[in-house]
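Below is one structure, written out as structure tokens; the observations come after it.
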Amino acid sequence: MPEPTKVAFRSNLLKVKITDISALKDELTPAERTKTKYRQIAASIIHIGIVEPLVVFPHGKSRYLLVDGHTRLDVLKQNGAAEVECLVATDDESYTYNKRVNHLPPIGEHYMILKALKNGVTEQRIAQALSVDVAEIRRKRDLLNGICPEAIELLKTRRVSATGFSTLRKMKPVRQIKCAELMISANSYTFAFAKAFLSVTPDDLLTKAPATKRLAVVPNPTKTLMEQEASALVEDLKNAEDSYAADMLDLATGCRYFSRLVGNPRIRRFLSKNHAEILAELDQLLTDVEQETSKQAVPERVRKRQATG
């Protein structure tokens with residue numbers, strides 16, 4: 001009979017005094033409080049309040065260890081808060097919280113801003129809550145102007161920069177879809193990557209006629225060749241990625257066999273006497289493969305525990 005699943009948190013939020021919470025990390029420095037992420041969290045707490053509760057673990061009578069939310073706690077202390085609602089964990093394990101965070105993609109942020117504006121929230125209020133300029137909110141509001149629905153669907157969960165979308169906007173829909181597919185295949189969503197595809201895009205697939213300078217720098221035959229090479233490179237990368245797991249399994253199995261052979265004293269003496277260079281290469285290969293496979297086999301949480309002692 002399977003063991004019952006352990007409940008990770010208590011069902012109700014608990015209001016805890018700030019002075020009763022002990023942080024597991026060192027206090028933030030003044031320099032860390034000037035960073036963009038800190039200022040955004042601080043602005044959000046001031047204008048909206050705590051959206052995601054702090055996670056604490058009971059530690060003695062009326063004392064709690066802070067498992068997750070060190071930046072939020074520091075902001076509350078800086079603003080003189082006396083207490084805060086917390087989620088009480090049943091385990092003091094704190095390694096996996098940030099690992100499980102799903103960062104909001106730009107398209108998701110765009111839709112959230114549109115929904116807030118539709119509900120009557122002003123651009124100025126959103127900018128204050130996110131600690132950014134109103135111009136930045138307007139750029140995110142207009143992020144998908146000129147982007148075809150098919151490309152939006154392909155990139156809706158990808159972290160494509162605003163400059164990347166502005167580059168796609170210069171291409172016609174059929175080319176936007178092709179570039180989106182190539183970005184996903186290469187797992188690269190940078191402005192430089194998008195700009196490279198723009199530079200090899202045929203003139204008839206651009207939304208506007210290109211400048212004369214562009215024609216002189218990149219002739220059409222060269223653009224066609226560069227595009228073919230780029231597509232072939234991305235396809236090779238995708239194939240290598242698909243076969244990586246099987247290749248690693250074959251390599252690990254073969255190395256395990258060679259490890260047993262090299263471990264035989266008689267074979268090792270023979271190789272050492274007659275083929276010392278081959279033996280040295282085999283030893284190095286076996287060591288490298290063993291380290292790589294063990295690294296993949298050990299869970300991320302365990303590796304972090306080992307790293308922190």
**Prompt:** Does the stretch 51-65 include one or more residues that are acidic (Asp, Glu) and in contact (Cβ under 8 Å) with a residue 24 or more places away in the chain?
**Reply:** no
**Request:** Could you list, in sequence order, all residues of the stretch 140-167 that are closer than 24 Å to LYS37 by Cα, within 22 Å of the chain's Cα centre (by Cα) and not hydrophobic (A, V, I, L, M, F, W, C)?
**Result:** LYS140, LYS156, THR157, ARG158, ARG159, SER161, THR163, GLY164
**Filter result for GLY120 (assigned by TED's automatic domain parsing to the domain that holds LYS156 and at pLDDT 90 or above)** = yes
**Message:** For the list (1) surrounded by fewer than 16 Cβ atoms within 10 Å (Cβ to Cβ); (2) within 24 Å of GLU136 (Cα to Cα); (3) touching a residue at least 12 places away in the same chain (Cβ under 8 Å), I need the number of the one condition that VAL174 fails.
**Reply:** (2)
**Residues (outside any helix (DSSP H, G or I) and either modelled with pLDDT of 85 or more or aromatic (Phe, Trp, Tyr) (or both)) located in the stretch 1-26** = PHE9, ASN12, LEU13, LEU14, LYS15, VAL16, LYS17, ILE21, SER22, ALA23
**Message:** Going residue by residue through the stretch 155-165, is there one that turns out to be in contact with a Lys or Arg (Cβ under 7 Å, 6 or more places away or on another chain), surrounded by 14 or more Cβ atoms within 10 Å (Cβ to Cβ), in the same structural domain as TYR189 (by TED's automatic domain parsing) and not small (Gly, Ala, Ser)?
**Reply:** no
**Complete:** Among helices (runs of 4 or more DSSP H) entirely inside the stretch 218-309, those with 2 or more residues being modelled with pLDDT of 80 or more and not small (Gly, Ala, Ser) are 220-263, 265-274, 276-297
**Prompt:** What number goes with the only condition from (1) among the basic types (Lys, Arg); (2) farther than 13 Å from VAL88 by Cα; (3) exposed (fewer than 12 other Cβ atoms within 10 Å of the Cβ) that LYS15 does not pass?
**Reply:** (2)
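The values are calculated or read from the model by the stated rules, or taken from the named source; none is laboratory data. From a predicted model like this one, the values you see are computed outputs, not experimental measurements. Ideal geometry is used to build each Cβ from the backbone, glycine not excepted, and the neighbour counts take in all protein chains shown.
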